[in-house]
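Enquirer: Structure in structure tokens, see below.
The values are calculated or read from the model by the stated rules, or taken from the named source; none is laboratory data. This one's a predicted model, so the numbers in the text were calculated from it and none came from an experiment. Here the Cβ is made from the backbone with ideal geometry for all residues, glycine too, and neighbour counts use every protein chain on show. When the accessible area is computed, the model is the full protein with side chains, heavy atoms only, and any ligands, DNA or RNA have been set aside. Shrake-Rupley method; radii C 1.70, N 1.55, O 1.52, S 1.80 Å.
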Amino acid sequence: MERLEYIAQRLLKGVLVLIGIVVLNFLLIRLAPGDPAAVMAGEAGAADELFLQQLRQQFGLDRPLWEQLWAYLSNILSFDFGFSYRQQRPVIDLLAERLPPTLLLTGTAFVLSLAAGVTLGVMAARRAGRWSDSAITVVALFFYATPLFWVGLMGVFLFSVTLGWLPAFGMASVGVTLTGFDHVADLARHLLMPALTLALFHMAVYARMTRASMLEVRDQDFVRTARAKGVGEGRILRRHVLRNAILPVVTIAGMKAGYLLGGSIVVETVFAWPGIGRLAYEAVLQRDYNVLLGVFLVTSAVVIAVNLATDVVYSLVDPRIELGA
Amino acid sequence: MTEFWRRYRRNKGAVAGLVVLALILLVAALGPLAWPGSPWDMAGVPFQPPFSAEHPLGTDTLGRDVATGIVHGARVSLLIGFVATLAALGVGVVVGAVAGYFGGRVDDVAMRLTEFFQTIPSFVFAVVLVAIFTPGIGSIVAAIATVSWPAVARLVRGEFLTLRTREFVQASVVLGRSARHIIFVEILPNAISPIIVSGSLMVATAILVESSLSFLGLGDPNMMSWGYMIGASRSVVRLAWWCSFFPGLAILLTVLALNLVGEGLSDALNPRLSREGR
Amino acid sequence: MTTEPLLRVRDLRVALPAGGDRANAVDDVGFDLAAGEILCIVGESGSGKSLTASAIMGLLPRSVRVAGGSVELGGTDLLRLSEDEMRDRRGRLVGMIFQEPMTALNPLMRVGDQIDEVLAVHTDLPEAARRQRVVELMASVNLPDPEQLRQAFPFRLSGGQRQRVMIAMALALGPSLLIADEPTTALDVTTQKQILALIRQVQAERGMGVLFITHDFGVVAEIADRVAVMQHGRLVEIGPVAQVLNRPEHPYTRSLIAAVPRLEPRAARVVDGVPTLVARALTKTYRTAGGLFVRRRVVEAVKSVDLEIRQGETLGVVGESGSGKSTLGRLLVRLLPADGGSVAFRGTDLLTAPPGRLRALRRDVQMVFQDPYASLNPRRRIGAIVADGLLAQGRPRAEALARAAELLGLVGLDPAGVDRYPHEFSGGQRQRIGIARALALEPKLLIADEPVSALDVSVQAQVLDLLNDVRRRFDLAMLFITHDLRVAAQVCDRIAVMRRGEIVETGPTAAIFGAPQHPYTRELLDAVPGRGWVAPA
């Protein structure tokens, strides 16, 4: 029961944060230089006086601020994210279409980076001070310092242009209709490079975190207790060090899922991956603010959902959390 | 100070990072004297490959000299990195110190706000901010500072919460010292090491964020920057890899050097935490 | 005893990393331990007693290593064994328990599983048999409801219960040797008494040899058959407990034993006059922040406490951890806001005084803290630290610093030390600096919160002497907070006994020790380790 309460509390908090972000969105539109209707309409729509009139009407832009906020909130809460004048489609449709590819990309990158990062971190910590530790540390340092878009571009140059191994852009091969396994294989080939690009940076982050966490845990008293019981080093690692060291890493990874979504903007731009990151880039180019703010809202919602999931998993794994203390 | 330097020196990577960083600063300061032309001007035939005497790093699609661009871009990257970090530190330290020292309601409000800002996907937020407030050096600095202060606030609050209950701080309260004295003389000097360390790492992150923004076309239109150079030539990577390779290398080296310096500072300032097995 | 000893340690030497203040942490230590015997190794911090235990167990920290000697257990030299051979013996032939029960158990593993692990690693018993054995073991260390508790995670257990789990773990395979490294130091006296009794009981039942590391002569008197005294890594004296405690031969042993506060109240002084400080119905309640769904937890740290202190008098507040004694001290100096009641200091209510008035009052009420390492700002010079109060009152800097130098002389330190930083001083010296800081404003009332409990016994005696001395010289009223009844007996004129936020009994020290009224006071007195032992004069 306590766990349910804990989860309910977290859920409520997530909803409040989401409402906060909607309000923030509203404030951004108001604070932006120029006519708020023009901001909502985007560069293309602002030229169309009729469209502007319509927006002023819909969002009550001539009425008091709090009424405008209310109009904005109720529109958003009924999943009306506005209209993209440029694309001539409701923003919500664009988002719904573009979200799944992004979730596929970031989800794959998340799993890859966490698995590889934790493995490398554990390896480095076990061999602390030896050359393999140094090698892992140096590699992690490098990827930690490389801009994603540059890794992506260099990957395209190397693996697509020079070697011709992998497709350089898109989510599927153009001009062919594939079904079944072939379709999946084609998708995987397209996914590999963008996902790796996005994963490498975060892999470095998790490897460094895991290494530090392992070194900290292995010096704790309960590890000495296990040694005093005559437990072998392998079992100490598996049963005592790993769980205690990795739990905080995975938790932080879940909490920082937003970084992956942020990274997807540049990675999708480089690889022409048809996700919301690419949508955001197009919106930036076309000054299509309704779309951009829609992307902002949706990514925030995804982050809140992932945070919530992390909280739930954490509450199941760590016995100490159950009271929400 | 000598003790600090002795501990810093023990970390070989940190020394290398410091040397590289010094070189980059030197290039940023003096480079435009050696490459006096404007980075936007056409300097030669477009698409010239690198390693020629005239254009050591080649020219881009419009015949602009890549080396000149990198030298001028160094100024932008470092300037934005340092200014944005200073701004974020300013806000973060004040919010964190006030929340941690006074606690209670103030702390609640400050922490809810911090958590809120930490939940928002930071890069997406930065993109939105710069796009809406029109790209420029001011909006970029403001956007980076807006998305990076919460981490500082959290860190400083944590330090203040611990230090506030330390007995030397309580002794100061009992002796009748003012809150101002306690915050600035008793607590802050003891919290400064982690602030410096995270500050040096934040400069690195800020440079990465700035380069990503300008890659997306959200850089200051009047200033040549590394991210812009890569973004502008990304469509021709198959023809002219050097246009994006060298600016990226510049970002990598700068960020790497800053991270290494950050680790060295961490080792030197927190001897107890310094890692074993180097 | 003429039979072969269980454990024979010879010429044991443990080397410290180069560049330390001495080459060897343990130097040429040798002793025998017979089966069925409890040998206490006693010494102050840095004496090498804990490293001796770790060396025997083969569990030294990475930075130190065994440099020579032999440790024979049942005829085998443990130091010559391979890591695998040693691991096989750990937990099976030798069990070990540690000081910190709060961190010695894996927080993510059920306590039953942690006990079970010893059996799983060393035996081929099937799971059901092991589970049965775990329950038996838990019952044998008097843990309540073992069948249920087996499933609990460590954070659910109290410190005493965790230490029992540790003991159950160490006993699981009936080892012939138990090494206990300060196993009761982190526990309250009443819990300590139970754990000591448990160790004695299981030792007698199984005829184990026990190597018991401690710094506390009271505990030695309570549990030891024989005693070995260590100083600076060397073993200076070893012998039967009665001999070492009552007829110590080595000068160091003698000085240590002389420094142990006696459990007899000091000569009574009657102090009359108007009370300097009167607290009435003082109350402090902690509430954990509750949310919409999380129920708040309420802890009444201080419950309607009344007390009075007269000028020149020392009132002791004694109690175990969580009794609220430290909170009480902090309420009196307004380090914490009280929830109710009043504190009248010479007629002015401290709790409601406005900021300006409070600052003036601060001059008269000062505090000495427990932890000599946390109570001085590491980034400030000693002179500035001691002069802080004077500077806060707006005195000129030069004058304040000159006064600070005088005060350092007064507490027995070199006045030239004003320009040095805290880390250049030892724990005892830092505590003197803390006292000098408190005296700088010439207060009327000094609140001392466990001022000697972080110090070694010999340093403890010196600091207590200093406190007695300054109380007399400045005619201070003093509130002395301590968990240690021996210390309380030495410094207090009157004593208030606290339990769960309430004062259960107050009275002159002699009366509290001689004729305790409240059952809890009796229980506390009864739990003082070595209460039957009177140190030789």
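Enquirer: Just the residues that are small (G, A, S) and open to solvent by 10 Å² or more (accessible area, probe 1.4 Å), please, taken from the range B:133-170. Break it down stepwise before answering.
Expert: Here is the first cut: in the range B:133-170, the ones small (G, A, S) are B:136, B:138-139, B:142-143, B:145, B:148, B:151, B:153, B:158.
Listed by number, the residues that qualify are B:G136, B:G138, B:S139, B:A142, B:A145, B:S148, B:A151, B:G158.
Enquirer: Output the number of the condition that C:E320 fails; it satisfies all remaining conditions of (1) within 12 Å of chain B (Cβ to nearest Cβ); (2) in a loop (DSSP other than H, G, I, E, B); (3) of a type in the set (D, E, K, R).
Expert: It is condition (1) that C:E320 fails.
Enquirer: On to the next question. I'm told C:G19 meets every condition in (1) touching a strand residue (DSSP E or B) at 6+ places or on another chain (Cβ under 9 Å); (2) exposed (fewer than 14 other Cβ atoms within 10 Å of the Cβ); (3) over 17 Å from C:L60 (Cβ atoms) except one. Can you identify the failing condition by its number?
Expert: C:G19 satisfies every listed condition except (1).
Enquirer: Looking only at the range C:116-130, decide whether some residue is open to solvent by 60 Å² or more (accessible area, probe 1.4 Å) and in contact (Cβ under 8 Å) with a residue 24 or more places away in the chain. Explain how you work it out, then say what you get.
Expert: Here is the first cut: in the range C:116-130, the residues open to solvent by 60 Å² or more (accessible area, probe 1.4 Å) are C:124-128.
Of the ones still in play, those that are also in contact (Cβ under 8 Å) with a residue 24 or more places away in the chain are none.
No: the range C:116-130 contains no residue that is open to solvent by 60 Å² or more (accessible area, probe 1.4 Å) and in contact (Cβ under 8 Å) with a residue 24 or more places away in the chain.
Enquirer: Residues in the range A:242-255 that are open to solvent by 10 Å² or more (accessible area, probe 1.4 Å) and either more than 9 Å from chain B (Cβ to nearest Cβ) or β-branched (V, I, T) (or both): how many? Walk me through it before giving the result.
Expert: First, the residues of the range A:242-255 that are open to solvent by 10 Å² or more (accessible area, probe 1.4 Å): A:242-244, A:246-248, A:250-252, A:255.
The next check asks that each one be either more than 9 Å from chain B (Cβ to nearest Cβ) or β-branched (V, I, T) (or both); those that pass are A:242-244, A:246-248, A:250-252.
Qualifying residue count for the region: 9.
Enquirer: Turning to a different aspect of this structure: Somewhere in the range C:172-193, is a residue more than 17 Å from the chain's Cα centre (by Cα), modelled with pLDDT under 95, buried (at least 20 other Cβ atoms within 10 Å of the Cβ) and part of a helix (DSSP H, G or I)?
Expert: Scanning the range C:172-193, I find no residue that is more than 17 Å from the chain's Cα centre (by Cα), modelled with pLDDT under 95, buried (at least 20 other Cβ atoms within 10 Å of the Cβ) and part of a helix (DSSP H, G or I), so the answer is no.
Enquirer: Next question, about the same structure. If I filter the range B:59-75 for residues that are closer than 26 Å to B:W149 by Cα and open to solvent by less than 50 Å² (accessible area, probe 1.4 Å), do I get at least one hit?
Expert: yes
Enquirer: Can you pull out every residue in the range B:110-127 that is open to solvent by less than 10 Å² (accessible area, probe 1.4 Å), free of Cβ contacts under 8 Å to residues at least 12 places away in the same chain and either in a helix (DSSP H, G or I) or more than 9 Å from chain A (Cβ to nearest Cβ) (or both)?
Expert: The answer is B:V124, and nothing else.
Enquirer: Mind telling me which of the residues B:R10, B:R6 ends up being without any contact (Cβ under 8 Å) to a residue 40 or more places away in the chain and among the charged types (D, E, K, R)?
Expert: Working: B:R10 fails: without any contact (Cβ under 8 Å) to a residue 40 or more places away in the chain.
When all the criteria are applied, what remains is B:R6.
Enquirer: Taking the range B:183-204 only, how many residues are more than 10 Å from every other protein chain (Cβ to nearest Cβ) and β-branched (V, I, T)?
Expert: Adding up the residues that qualify gives 5.
Enquirer: Cβ-Cβ under 7 Å, sequence separation 6+ or interchain: first residue in the range A:196-220 and over 13 Å from A:I246 (Cα atoms), partner open to solvent by 20 Å² or more (accessible area, probe 1.4 Å) and not in a helix (DSSP H, G or I). Which pairs?
Expert: Filtered contacts from the range A:196-220: A:Q220/C:T103.
Enquirer: Looking at the range A:46-84 only, could you name the residues that are touching a residue at least 60 places away in the same chain (Cβ under 8 Å) and either over 22 Å from A:T299 (Cβ atoms) or open to solvent by less than 50 Å² (accessible area, probe 1.4 Å) (or both)? Spell out the reasoning first.
Expert: Looking only at the range A:46-84, we keep the residues that are touching a residue at least 60 places away in the same chain (Cβ under 8 Å), and these are A:76, A:81-84.
A:I76, A:F81, A:G82, A:S84 - these are the residues of the range A:46-84 that are touching a residue at least 60 places away in the same chain (Cβ under 8 Å) and either over 22 Å from A:T299 (Cβ atoms) or open to solvent by less than 50 Å² (accessible area, probe 1.4 Å) (or both).
Enquirer: Of everything in the range B:21-49, what is open to solvent by 50 Å² or more (accessible area, probe 1.4 Å) and part of a helix (DSSP H, G or I)? Give them in sequence order.
Expert: Selection gives B:A22, B:L23, B:L25, B:L26, B:V27, B:A29, B:L30, B:L33, B:A34.
Enquirer: A further question on this structure: Could you tell me how many of the residues in the range C:212-269 are free of Cβ contacts under 8 Å to residues at least 60 places away in the same chain, over 30 Å from C:N468 (Cα atoms) and open to solvent by 10 Å² or more (accessible area, probe 1.4 Å)?
Expert: Within the range C:212-269, residues that are free of Cβ contacts under 8 Å to residues at least 60 places away in the same chain, over 30 Å from C:N468 (Cα atoms) and open to solvent by 10 Å² or more (accessible area, probe 1.4 Å) number 5.
Enquirer: Report every pair of residues separated by at least 6 positions or lying on different chains whose Cβ atoms are under 6 Å apart, first residue within the range C:393-408 and in contact (Cβ under 8 Å) with a residue 24 or more places away in the chain, second buried (at least 16 other Cβ atoms within 10 Å of the Cβ) and outside any helix (DSSP H, G or I).
Expert: Partner pairs satisfying both residue conditions: C:L407/C:A440.
Enquirer: Taking the conditions exactly as written (touching an Asp or Glu at 6+ places or on another chain (Cβ under 8 Å), away from chain A (no Cβ under 14 Å) and of a type outside the set (A, V, I, L, M)), does C:G43 satisfy them or not? Give the steps one after another, and end with the answer.
Expert: Details: touching an Asp or Glu at 6+ places or on another chain (Cβ under 8 Å): no; away from chain A (no Cβ under 14 Å): yes; of a type outside the set (A, V, I, L, M): yes.
Here the answer is no, as C:G43 does not meet what is asked.
Enquirer: Still on this model: Specify which of the listed residues (A:V270, A:V295, A:V302, A:V312) is open to solvent by less than 10 Å² (accessible area, probe 1.4 Å) and of a type outside the set (G, A, S). Can you show your working first?
Expert: On the way: A:V270 fails: open to solvent by less than 10 Å² (accessible area, probe 1.4 Å); A:V302 fails: open to solvent by less than 10 Å² (accessible area, probe 1.4 Å); A:V312 fails: open to solvent by less than 10 Å² (accessible area, probe 1.4 Å).
Just a single option satisfies the conditions, and that option is A:V295.
Enquirer: Residues being open to solvent by 10 Å² or more (accessible area, probe 1.4 Å) and either in contact with a strand residue (DSSP E or B) (Cβ under 9 Å, 6 or more places away or on another chain) or within 14 Å of C:P265 (Cβ to Cβ) (or both): count how many of those fall in the range C:465-490. Lay out the reasoning, then the answer.
Expert: First, pick out the residues of the range C:465-490 that are open to solvent by 10 Å² or more (accessible area, probe 1.4 Å): C:465-466, C:468-469, C:471-475, C:483-486, C:490.
Those left that are additionally either in contact with a strand residue (DSSP E or B) (Cβ under 9 Å, 6 or more places away or on another chain) or within 14 Å of C:P265 (Cβ to Cβ) (or both): C:468, C:471, C:474, C:483-486, C:490.
Number satisfying all stated conditions: 8.
Enquirer: Further question on the same structure: Counting only residues that are open to solvent by less than 40 Å² (accessible area, probe 1.4 Å) and without any contact (Cβ under 8 Å) to a residue 12 or more places away in the chain, how many does the range C:337-352 have?
Expert: Residues that pass the stated criteria total 0.
Condition check ((1) away from chain B (no Cβ under 12 Å); (2) farther than 15 Å from A:T210 by Cα; (3) at pLDDT below 90) across all residues:
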position: A:A116; (1), (2), (3): yes, no, no
position: A:M123; (1), (2), (3): yes, no, no
position: A:G129; (1), (2), (3): no, yes, yes
position: A:I136; (1), (2), (3): yes, no, no
position: A:W150; (1), (2), (3): no, yes, no
position: A:L158; (1), (2), (3): no, yes, yes
position: A:W165; (1), (2), (3): yes, yes, yes
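Enquirer: For the range C:52-66, what are the residues that are open to solvent by 40 Å² or more (accessible area, probe 1.4 Å) and either away from every other protein chain (no Cβ under 12 Å) or in contact with a Pro (Cβ under 6 Å, 6 or more places away or on another chain) (or both)?
Expert: C:S63, C:R65, C:V66
Enquirer: Tell me, please, whether a residue that is among the small types (G, A, S) and out of contact with any helix residue (DSSP H, G or I) (no Cβ under 9 Å at 6 or more places or on another chain) can be found in the range A:70-84.
Expert: Yes, because at least one residue in the range A:70-84 is among the small types (G, A, S) and out of contact with any helix residue (DSSP H, G or I) (no Cβ under 9 Å at 6 or more places or on another chain).
Enquirer: Would you pick out the residues in the range A:269-307 that are more than 14 Å from the chain's Cα centre (by Cα), more than 9 Å from chain B (Cβ to nearest Cβ) and not aromatic (F, W, Y)?
Expert: Scanning the range A:269-307 gives A:A272, A:P274, A:L279, A:E282, A:Q286, A:D288, A:N290, A:V291, A:G294.
Enquirer: Can you tell me which of A:L196, A:L153, A:L192, A:L166 is of a type in the set (A, V, I, L, M), within 22 Å of the chain's Cα centre (by Cα) and either closer than 30 Å to C:R62 by Cβ or open to solvent by less than 50 Å² (accessible area, probe 1.4 Å) (or both)? Reasoning before the result, please.
Expert: Values: A:L196 fails: either closer than 30 Å to C:R62 by Cβ or open to solvent by less than 50 Å² (accessible area, probe 1.4 Å) (or both); A:L192 fails: either closer than 30 Å to C:R62 by Cβ or open to solvent by less than 50 Å² (accessible area, probe 1.4 Å) (or both); A:L166 fails: within 22 Å of the chain's Cα centre (by Cα).
Of A:L196, A:L153, A:L192, A:L166, the one residue that is of a type in the set (A, V, I, L, M), within 22 Å of the chain's Cα centre (by Cα) and either closer than 30 Å to C:R62 by Cβ or open to solvent by less than 50 Å² (accessible area, probe 1.4 Å) (or both) is A:L153.
To keep it simple, each residue is scored yes or no on (1) exposed (fewer than 15 other Cβ atoms within 10 Å of the Cβ); (2) away from every other protein chain (no Cβ under 14 Å).
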{"position": "C:L335", "(1), (2)": "no, no"}
{"position": "C:R362", "(1), (2)": "no, no"}
{"position": "C:V365", "(1), (2)": "no, no"}
{"position": "C:S375", "(1), (2)": "no, no"}
{"position": "C:Q393", "(1), (2)": "no, no"}
{"position": "C:P396", "(1), (2)": "yes, yes"}
{"position": "C:A400", "(1), (2)": "no, no"}
{"position": "C:E406", "(1), (2)": "yes, yes"}
{"position": "C:H423", "(1), (2)": "yes, no"}
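Enquirer: May I pose another question? Just to check your reading of the model, which residue among C:T348, C:T314 is in contact with a helix residue (DSSP H, G or I) (Cβ under 8 Å, 6 or more places away or on another chain), of a type in the set (V, I, T) and modelled with pLDDT under 90?
Expert: Details: C:T314 fails: modelled with pLDDT under 90.
Of C:T348, C:T314, the one residue that is in contact with a helix residue (DSSP H, G or I) (Cβ under 8 Å, 6 or more places away or on another chain), of a type in the set (V, I, T) and modelled with pLDDT under 90 is C:T348.
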